[in-house]
């Protein structure tokens with residue numbers, strides 16, 4: 001069976017939608033159901049509509065708990081978001097304007113996103129890890145009319161070349177305190193979009209506009225594989241400017257849950273928050289889970305195990321063997337979503353799949369097509385490596401610059417290589433990471449996976465570097481566990497015992513840590529010689 005046929009999805013039919021919504025507790029009769037559905041009909045299924053439906057159905061429920069303001073109800077969150085919309089309108093912004101948001105994870109960031117969207121303006125989610133130089137270029141490229149920002153970023157933004165207006169956190173709070181409550185409102189004619197920046201691990205970050213869902217389909221696709229229910233308490237550790245953090249926010253508010261936010265990630269504080277707030281779910285990126293696994297034993301472990309049902313991670317590949325080790329400590333709760341800014345979601349691996357096949361990326365959820373194609377666009381035989389293409393309801397339409405990615409039969413290229421075995425997707429690294437050494441094709445991810453299983457190695461990155469004799473050779477950058485000892489020859493011997501000769505890294509470099517961006521992705525370009 002070809003990979004494309006192996007991945008024929010169950011369609012997002014009305015029956016499938018209704019069945020999933022019932023299982024997750026969304027179709028429960030209530031006297032407030034009419035205003036709830038009315039809010040969605042008027043405002044749509046973006047963040048502005050999701051918040052209004054939640055406030056209509058559960059106004060007094062905690063919407064956000066953060067380490068700045070504590071508990072904020074849905075009614076309070078919506079009230080402040082409405083005042084932000086009014087403030088932006090007072091300052092001359094309108095439908096079609098673009099507002100940058102440079103903020104950590106806290107309630108005001110959520111209110112700003114909703115307030116901007118409710119105006120019919122686009123919110124550009126700016127990465128807090130960008131330098132002043134790159135930030136200036138991104139703000140200019142995206143055509144931002146205003147940047148709302150946390151006070152801590154004032155100096156960085158002050159060095160921008162762009163003449164874009166700035167609205168710092170303290171000034172925004174003061175302005176909101178002086179504004180009266182807003183009760184009369186109307187939805188904009190134009191739907192405000194969220195523009196998410198690509199990770200920038202291989203170059204300059206690009207803006208990708210997120211489509212606004214047309215209905216329950218995208219939510220149902222995720223809930224089909226990740227069993228979140230109405231009213232969950234969800235710790236969102238992934239940055240809200242990241243695709244995964246933003247998706248978690250949409251899901252949780254759509255489910256009228258409580259979002260738990262910490263301004264900055266700290267492994268010990270995140271683990272403590274799971275117990276303190278009795279969180280039933282957590283949305284981190286893999287690097288965060290790795291840091292949590294390096295903590296001393298948790299005295300509240302049993303308490304945490306009693307409430308935690310879902311740890312849904314995305315953003316980069318899980319290290320080899322990590323999934324079973326994590327679940328031995330946290331329970332069989334790990335769900336790994338493989339996706340990208342451009343493709344949204346591609347496949348989701350469940351705890352059972354990760355137990356049996358720790359290296360898999362899982363299966364496509366409802367309404368998702370995945371195909372493994374060769375250079376000519378034909379499906380490759382099962383088990384062979386090819387290019388990963390994906391199609392779903394939220395595949396992006398192009399970058400804000402006007403550029404796009406390659407498409408095939410309505411599916412977008414993810415830029416990754418992969419294969420299918422027994423109906424499961426396995427990734428083989430980035431297309432542009434493949435190294436040709438002495439005429440042999442070498443995939444660095446295969447070597448990384450081999451080395452990650454070595455008990456002395458904490459993490460590793462493998463890259464191709466120029467070589468006069470072979471065209472290119474492999475270089476392995478290795479981080480050891482504390483107190484562990486390993487020689488360069490030990491590393492080479494470990495690979496030689498399990499892989500072909502051309503997979504053995506000629507260069508082995510021991511480093512204290514790997515360079516990463518704000519979402520935990522390894523910056524391989526910073527490892528290569530310049």
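The values are calculated or read from the model by the stated rules, or taken from the named source; none is laboratory data. This one's a predicted model, so the numbers in the text were calculated from it and none came from an experiment. Heads up, the Cβs are rebuilt from the backbone with ideal geometry, glycines too, and the neighbour counts pull from every protein chain shown.
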- Check whether at least one residue in the range 64-78 is under 27 Å from the mean Cα position of the chain (by Cα), surrounded by 23 or more Cβ atoms within 10 Å (Cβ to Cβ) and touching a residue at least 40 places away in the same chain (Cβ under 8 Å), and report yes or no. yes
- Task: Determine whether the range 155-171 contains at least one residue that is at pLDDT below 95, within 10 Å of residue 102 (Cα to Cα) and not assigned by TED's automatic domain parsing to the domain that holds residue 264.
- Result: yes
- Query: When you go through 344, 280 one by one, which is the residue that is at positive phi and surrounded by 17 or more Cβ atoms within 10 Å (Cβ to Cβ)?
  - Reply: 344
- Residues in the range 1-35 that are modelled with pLDDT under 85, touching a helix residue (DSSP H, G or I) at 6+ places or on another chain (Cβ under 6 Å) and in a helix (DSSP H, G or I): how many? 1
- Message: Quick check on the range 87-104. Is at least one of its residues out of contact with any helix residue (DSSP H, G or I) (no Cβ under 7 Å at 6 or more places or on another chain), within 18 Å of residue 177 (Cα to Cα), in the same structural domain as residue 173 (by TED's automatic domain parsing) and part of a loop (DSSP other than H, G, I, E, B)?
- Response: yes
- Message: Among the residues of the range 358-385, what is the count of those that are more than 23 Å from the chain's Cα centre (by Cα), over 17 Å from residue 443 (Cβ atoms) and assigned to a loop (DSSP other than H, G, I, E, B)?
- Response: 5
- Query: Going by the structure shown, is residue 176 more than 17 Å from residue 88 (Cβ to Cβ), modelled with pLDDT of 90 or more and assigned to a helix (DSSP H, G or I)?
  - Reply: no
- Item | Test set (1) in a loop (DSSP other than H, G, I, E, B); (2) out of contact with any helix residue (DSSP H, G or I) (no Cβ under 7 Å at 6 or more places or on another chain); (3) within 24 Å of residue 461 (Cα to Cα) - residue 338 fails condition number | (1)
- Filtering the range 430-457 down to residues that are assigned to a strand (DSSP E or B) and surrounded by fewer than 18 Cβ atoms within 10 Å (Cβ to Cβ) yields 430, 436, 440, 441
- Task: Confirm whether residue 412 is over 22 Å from residue 323 (Cα atoms), in contact (Cβ under 8 Å) with a residue 12 or more places away in the chain and in a strand (DSSP E or B).
- Result: yes
- Given the structure, is residue 516 at pLDDT below 95, closer than 28 Å to residue 198 by Cβ, in the same structural domain as residue 447 (by TED's automatic domain parsing) and touching a helix residue (DSSP H, G or I) at 6+ places or on another chain (Cβ under 8 Å)? yes
- Message: Looking only at the range 225-253, how many residues end up being surrounded by 24 or more Cβ atoms within 10 Å (Cβ to Cβ) and part of a strand (DSSP E or B)?
- Response: 3
- Message: Looking only at the range 123-154, count every residue that is free of Cβ contacts under 8 Å to residues at least 40 places away in the same chain and within 10 Å of residue 100 (Cα to Cα) and tell me the total.
- Response: 1
- Query: at pLDDT 95 or above and over 26 Å from the mean Cα position of the chain (by Cα): does that describe residue 60?
  - Reply: yes
- Within the range 132-172, track down each residue that is in a loop (DSSP other than H, G, I, E, B) and touching a helix residue (DSSP H, G or I) at 6+ places or on another chain (Cβ under 8 Å). 150, 159, 160, 161, 162, 164
- Task: Could you please find all residues in the range 460-501 being out of contact with any helix residue (DSSP H, G or I) (no Cβ under 8 Å at 6 or more places or on another chain), in a strand (DSSP E or B) and surrounded by 15 or more Cβ atoms within 10 Å (Cβ to Cβ)?
- Result: 465, 467, 472, 473, 475, 477, 479, 480
